[in-house]
Amino acid sequence: MSFDPTDIGSVVGVMYAALSGPAGARDWSDQEQAFHLQALLVRTGVDEFGAPWAKVMTLAEYRQNVAYFFSKVPFFEFEIERRVQEFGNIAQVWSTYEEKRAPDAKDVERRGVNSIQLIRDESGHWRIMSVVWDNEREGLKLA
């Protein structure tokens, strides 16, 4: 995959590519090209009583959080829809995704939405500042 840091789609593509792969360690070097050094990743959901929660992580904390899971489980996340809004040096991407255990698997493990905020840096490159996501669950379904 050719990476163009001046193209929002390319930056988002690198984010997905860095996550996806067979069971085993991930090579995060490509991800470092796409994310700002101070980026935050926020996993959201609800507890067993329906109360919302959020886990806020730096890139290093996220990598540590998913390392064991990725070491044991094949994980492939694919973007299935994207909406982009740009204004000056900021952009917001609504990215709908599916997770599968293999690229050609028919079964979808889960679906959800990534809310991705980007800034354009002094070199003209788009950098992801934050990703906030939520998965489908009972009472919350994608159309």
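The values are calculated or read from the model by the stated rules, or taken from the named source; none is laboratory data. Since we're looking at a predicted model, the values are computed, not measured. Virtual Cβ from ideal backbone geometry, glycine too; neighbours counted across all protein chains shown. Quick note on the areas: whole protein, heavy atoms, side chains included, nothing else; ligands and nucleic acids left out. Shrake-Rupley method; radii C 1.70, N 1.55, O 1.52, S 1.80 Å.
Worth a mention:
- Count of region 114-143 residues which are of a type in the set (Val, Ile, Thr), closer than 22 Å to residue 52 by Cβ and open to solvent by 40 Å² or more (accessible area, probe 1.4 Å): 1
- Pairs where the first residue, in region 76-93, is farther than 14 Å from residue 7 by Cα and in contact (Cβ under 8 Å) with a residue 24 or more places away in the chain and the second is part of a strand (DSSP E or B) and of a type in the set (Phe, Trp, Tyr), C-beta under 6 Å, 6+ apart: 77/97; 79/97
- Positions within region 29-54 being farther than 21 Å from residue 126 by Cβ, part of a strand (DSSP E or B) and not basic (Lys, Arg), in sequence order: 44, 45, 46, 52, 53, 54
- Positions within region 10-42 being closer than 11 Å to residue 130 by Cα and not hydrophobic (A, V, I, L, M, F, W, C), in sequence order: 36, 38
- Applying the criterion of being among the hydroxyl-bearing types (Ser, Thr, Tyr) and open to solvent by 50 Å² or more (accessible area, probe 1.4 Å) to the residues of region 41-70, the residue that is farthest from residue 101 (Cα to Cα) is 58.
- Residues that are crowded, with 16+ Cβ neighbours inside 10 Å and either under 17 Å from residue 113 (Cβ atoms) or acidic (Asp, Glu) (or both), drawn from region 71-81: 77, 79
- Test: residue 52 is over 13 Å from residue 24 (Cα atoms) and either of a type in the set (Val, Ile, Thr) or touching a Gly at 6+ places or on another chain (Cβ under 8 Å) (or both): yes
- Pick from region 1-40, criterion open to solvent by less than 50 Å² (accessible area, probe 1.4 Å) and of a type in the set (Phe, Trp, Tyr), ranking: nearest to residue 71 (Cα to Cα): 28
- Restricted to region 85-123, and to residues there that are within 20 Å of residue 33 (Cα to Cα) and aliphatic (A, V, I, L, M), the residue that is nearest to the chain's Cα centre (by Cα) is 116.
- Here residue 28 fulfils each of the conditions (1) of a type in the set (A, V, I, L, M, F, W, C); (2) touching a Pro at 6+ places or on another chain (Cβ under 8 Å); (3) at pLDDT below 95 apart from (2).
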